[in-house]
Amino acid sequence: MKTYRSRSFAFGPMYLTLLVSAFLAMQTVQAFGAHVIRSRWEFLEELGGNQMTMHAVRRAVAGRKPQFLVQAPPLILPYHNGQVLAGNQISIYITWYGRFSKAQKSTIMDFLASFKPSKKILKVISSPSVSSWWKPTAAYKDVEGKAVSPSLKVSGQVVNRRTSLGKNLKTADVETLVVTSLETFPADANAIYLILTADDVEVESFCDSSCGSHSSLGVWTSGQEVILPYAWVGNSGLQCPGQCAWPFASPKPPAGPVQIPLLPPNGDVGLDGMIINIAAMLAGAATNPFDNAYYQGDASLPLEAATACEGLFGPGSYPGYPGRLLFDNAGSSFNAYGIHGRKFLLPALWNPITFNCQTLPTD
């Protein structure tokens, strides 16, 4: 098996609250010059800030235009001539690792089924919908002009309820789960092998610096190597909801200012946070499956379709504020409708045509 270590991460909102704190601190020290501002960048980097974080901080203070600040490179997510996941459909193969309740599985399955519902069901889904959220990915095309597929479909599932590799996983263990799933699933280079870990399963870097990731690995089958895109997302409900399920939970001090969390649309903070991160990783895997398509920055830690817009959900959003969202009768916050009357909160996606983070219309 050949493993590709470069990967994309979904970073938690702990960094968003750091952005706000850093922004407020910067306003009081700008008169002391660039050296002080540089120390703030270094401070965030020491706390684990990625390129998206640094770009967002610079964007947050850009409106003040201090003369000594160096402008950050424009965010454009350039194309690097690699493949995207095109074709009529992207198959999703799920490995449920650990104990998920029936309600949790049903919510995730309904979310994934909402990408391309039947025409009959689509007629009764309110707008904005999950399928309309996915539409900006159609602008991501490869060198042959093939666009990211408009359709995602769960084509298989396996359950590893007994956590055969234990409850403290390394990155290599996640890759092992992908390979093991091939005992049931076909090796499909135009699919996404989705590893979902339960709330009591610890994964390397989970909560410390990531909430999910995607990458690819090579396997030999029928005498040839097939490179398979995969993604992993964990349930942060018991471990770090303030980092990986924001805005449905607040980071613990001293990560940032205490905020009143929003109510999750499916009544499960960890699960609704998973939906956000699953959406982000699916968008990244579809538009940059092999680390050579659409991204900006270092290929090992890139800004991608969703991670370039981290923490942005509704119109008027900025780091630390999710934007104007929809509310149901129970007071839950969301921005997209799915099948079976489901509601979800989904991240903004980078639109490569308009060069901005596109949120669903909620006004």
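What follows draws every value from the coordinates through simple rules; no lab data is involved. Computed from a predicted model, the values in this text were never measured in an experiment. Because the Cβ atoms are built from the backbone with ideal geometry, glycine has one as well, and the counts that use them run over all protein chains shown.
Run the numbers for ALA138 and ASN168: contour at 0.36 nm per residue of separation, minus the present Cα-Cα distance, in nm.
Length gained, ALA138 through ASN168: 7.0 nm.
Using a Förster radius of 25 Å, what is the FRET efficiency between LEU238 and LEU182 based on their Cβ-Cβ separation? Nearest 0.05, please. Could you put the intermediate results ahead of the total?
On the way: r = 30 Å, r/R0 = 1.20.
The computed FRET efficiency comes out at 0.25.
For the range 85-166, take every pair of Cα atoms, bin their distances at 5 Å starting from 0, and report each bin as a whole percent.
Using 5 Å bins, I get a P(r) of 3, 13, 18, 19, 17, 13, 9, 5, 2 for the range 85-166.
Check which residues have an amide H placed less than 5 Å from HIS80's amide H, if you skip close sequence neighbours.
Long-range HN contacts for HIS80: ALA293, TYR294, TYR295.
If Lys and Arg each add +1 and Asp and Glu each add -1, what is the summed charge of the other residues whose beta carbon sits under 15 Å from the beta carbon of PHE313?
Details: positive: ARG324, LYS343; negative: ASP272, GLU310, ASP363.
Around PHE313, the charge tally is -1.
Under the rule of at least 5 residues apart or a separate chain, name every residue whose amide H is placed under 5 Å from the amide H of LEU152.
It is ILE90, LYS116, by chain and number.
Alpha carbon centre of the range 266-330 versus the range 182-255: separation in Å?
The two parts, judged by their Cα centres, are 14 Å apart.
Taking H placed 1.01 Å from N in the peptide plane, check which residues at least 5 places from SER129 or on another chain put their amide H under 5 Å from its amide H.
TYR337
Give, as a single signed number, the net charge of other residues whose beta carbon lies under 15 Å from the beta carbon of GLY87, with Lys and Arg counted +1 and Asp and Glu -1.
With Lys, Arg at +1 and Asp, Glu at -1, the net is +1.
For the range 212-363, would you read off the P(r) tail past 18 Å as a percentage of all alpha carbon pairs? Please report the intermediate quantities before stating the final value.
Details: 7007 of 11476 pairs.
So the pairs more than 18 Å apart make up 61 percent of the total in the range 212-363.
Cut-off 15 Å, label point 7 angstrom out along Cα-to-Cβ of ARG324: give me the residues of the range 347-363 whose amide nitrogen falls inside.
Under cut-off, by backbone N: 359-363.
So if the hydrodynamic radius of the range 157-233 is defined as the Kirkwood radius over C-alpha pairs, what does Stokes-Einstein give as its diffusion coefficient at 10 °C and 1.306 mPa s, in µm² per second?
Result for D is 121 µm²/s.
For a 22 Å ceiling on Cα separation, which of these pairs sit above it: LYS167/LYS252; LYS105/LYS153; LYS146/LYS343?
As for pairs spanning more than 22 Å Cα to Cα, those are LYS167/LYS252; LYS146/LYS343.
Hey, rough spin-label estimate for ILE353 and SER127, points 7 angstrom out along Cα→Cβ, what's it come to in nanometres?
For the pair ILE353/SER127, the computed spacing is 1.5 nm.
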